[in-house]
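Before any comments, here is the structure.
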Amino acid sequence: MSQPTEVFGPYEVYECLGKGGMATVHRAVRRGIEGFERVDALKRLLPHLEIDAGFVRAFVREAKLAARLSHGNIVQIHDLGKVGDRYFIAMEYLPGRNLVHVLRQARAVAHPAPVAAALCIVGEMLDALGYAHAQVDHRTGAPLNLVHADVSPSNVIVSDEGHAKVIDFGIARAASAAGARRRQLVAGKLGYMAPEVMAGEGIDARADVFAVGAIAYELLTAQPLLPRDSAAAARAALDAGIAPPSAAGAACSPAIDEIVMTALAVDPAQRFSSAGAMRDAIDQTLHEMGVAATRRAVAEWLATAFALDPVRRRAATAGGRARTFPLQPTPDDDPDHRAVGTPAGGRAATAPPLAAGTGAADPADDEPTGERAADRDLPALVTESVELSDAVRAKRSRSPAGATPEEPAAPRRRAPRISSPPVPPDLMPRITFRTPSDSPDE
């Protein structure tokens, strides 16, 4: 094992797994008595944000909410703590790859996932979301209507053994509570955002189902479903009609096409009513086909895909020229652009990358941050999480007078040698803010 770069409380800190505008994530080993040790993913606020009470509160609430979700397909929270003045979240460490990395590799080598591998990943995502959607208030038994609200490849980790886990419930919300009160704000990532969310019409579990459908389409075709440069372009593509995966060259049966297209229905009423319903449809279809969608199928596909040349492939173009497919995301090819603000029509300003699952909070909230997760009700945590997310969007929209968004610099078309860290830096999604000129000043 390499030497630690620092000692942080009970942790020996090793390589950085990801860094965003709010936090860093490192592989870390926690040492205990009698030779005990545990490898964690250690998430820490950036030092200059430790003095901002709003950021600290948002960070703490993220940990509290995620700690309530205990499921085999959701990355678990081990601890929330503080060393000196610096807060940290210790999360389950999962050796593997971010699904963004996997899909980029699939596009680079023109090697879409086999049906069994794609549907295994999708099925495990649906299991995680179905569990979250079914959460109830432990006191009253009333459903919370919890929605992830940001299902996308950057929030899915696939282990080397083919096990898929969902991360980042940092902007999860209760559709019947705060979500209903903030319908004019849009949260999610373009390319995976349901039409009703883009239109600011509210959100429920069917929005997560749409996002899973978009990921299923991309796994099966190695092509993104929708453009990601603007909400208007994504909506226009939806209005023009989506062709089934088989029309894009996927080796899909009509039954699988039907499942994907049902999840992608523009009208939420025409989609699967829940993640569980989509999971049941997949299981029934696989049974009828005699196909076993197992983690072993996923692991074998990953081993094959990442053994192929990731740098170049010949593309059939009019001029017959070679085309380079870089591994770095580009403005047109980056699934990590998150749009927040009003629906299509406003200009998008690019903000620095943010750590997955984090956001600023309203500094006016003076609640102490040292409470244990068990001391708070989940409905309150969900509601506050939405309010904090909304507050930071409004706060960041108040840019200095005369300031104009800068266009992102064109990326360099490089083709680096591939390296496969346990969790790639893609863990931290890039965020695009849509800021209406008439946003209320909170």
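Worth a mention:
- From the list G162, G96, the lone residue that is buried (at least 20 other Cβ atoms within 10 Å of the Cβ), in contact with a Lys or Arg (Cβ under 7 Å, 6 or more places away or on another chain), farther than 30 Å from A232 by Cα and at pLDDT 85 or above is G162.
- Candidate set from region 206-237 (those that are acidic (D, E) and part of a helix (DSSP H, G or I)); member that is farthest from F272 (Cα to Cα): E218
- Of all residues in region 65-100 being in contact (Cβ under 8 Å) with a residue 24 or more places away in the chain and among the polar types (S, T, N, Q), the one that is nearest to S159 (Cα to Cα): N98
- Qualifying positions in region 117-159 - surrounded by fewer than 24 Cβ atoms within 10 Å (Cβ to Cβ) and polar (S, T, N, Q): Q135, T140, N145, S159
- Top-ranked residue in region 74-93 [being touching a Lys or Arg at 6+ places or on another chain (Cβ under 8 Å) and of a type in the set (A, V, I, L, M); ranked as surrounded by the most Cβ atoms within 10 Å (Cβ to Cβ)]: I89
Okay, residues lined up against (1) farther than 20 Å from A207 by Cβ; (2) touching a Cys at 6+ places or on another chain (Cβ under 8 Å); (3) not basic (K, R):
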{"site": "R97", "(1), (2), (3)": "yes, no, no"}
{"site": "R104", "(1), (2), (3)": "yes, no, no"}
{"site": "V115", "(1), (2), (3)": "yes, yes, yes"}
{"site": "M125", "(1), (2), (3)": "no, no, yes"}
{"site": "G130", "(1), (2), (3)": "no, no, yes"}
{"site": "D137", "(1), (2), (3)": "yes, no, yes"}
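- Residue within region 57-73 that is more than 25 Å from F306 (Cβ to Cβ) and touching a His at 6+ places or on another chain (Cβ under 7 Å) present: no
- Residue in region 185-205 that is in a helix (DSSP H, G or I), charged (D, E, K, R), at pLDDT 85 or above and in contact with a strand residue (DSSP E or B) (Cβ under 8 Å, 6 or more places away or on another chain) present: no
- With respect to the conditions (1) surrounded by 15 or more Cβ atoms within 10 Å (Cβ to Cβ); (2) not in a loop (DSSP other than H, G, I, E, B), V7 falls short on a single one, namely (1).
- Qualifying residues in region 19-36 (those that are among the charged types (D, E, K, R) and within 25 Å of L49 (Cβ to Cβ)) - the one modelled with the lowest pLDDT: K19
The rows are residues; the columns are (1) closer than 24 Å to E161 by Cβ; (2) modelled with pLDDT of 85 or more; (3) of a type in the set (S, T, Y); (4) surrounded by 13 or more Cβ atoms within 10 Å (Cβ to Cβ).
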| residue | (1), (2), (3), (4) |
| --- | --- |
| F272 | no, yes, no, yes |
| A275 | yes, yes, no, yes |
| H287 | yes, yes, no, no |
| R296 | yes, yes, no, yes |
| A303 | yes, yes, no, no |
| G341 | no, no, no, yes |
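- Selection within region 37-57 - modelled with pLDDT under 90 and either surrounded by 13 or more Cβ atoms within 10 Å (Cβ to Cβ) or more than 12 Å from F88 (Cα to Cα) (or both): L45, L46, H48, L49, E50, I51, D52, A53, G54, F55, V56, R57
- Taking the criterion of being acidic (D, E) and touching an Asp or Glu at 6+ places or on another chain (Cβ under 7 Å), the only residue of region 33-83 that qualifies is E50.
- Any helices (runs of 4 or more DSSP H) falling wholly within region 31-144 and containing at least 3 residues that are of a type in the set (G, A, S): 53-67, 115-133
The values are calculated or read from the model by the stated rules, or taken from the named source; none is laboratory data. On a predicted model such as this, the values are computed, not experimentally measured, just so you know. Virtual Cβ from ideal backbone geometry, glycine too; neighbours counted across all protein chains shown.
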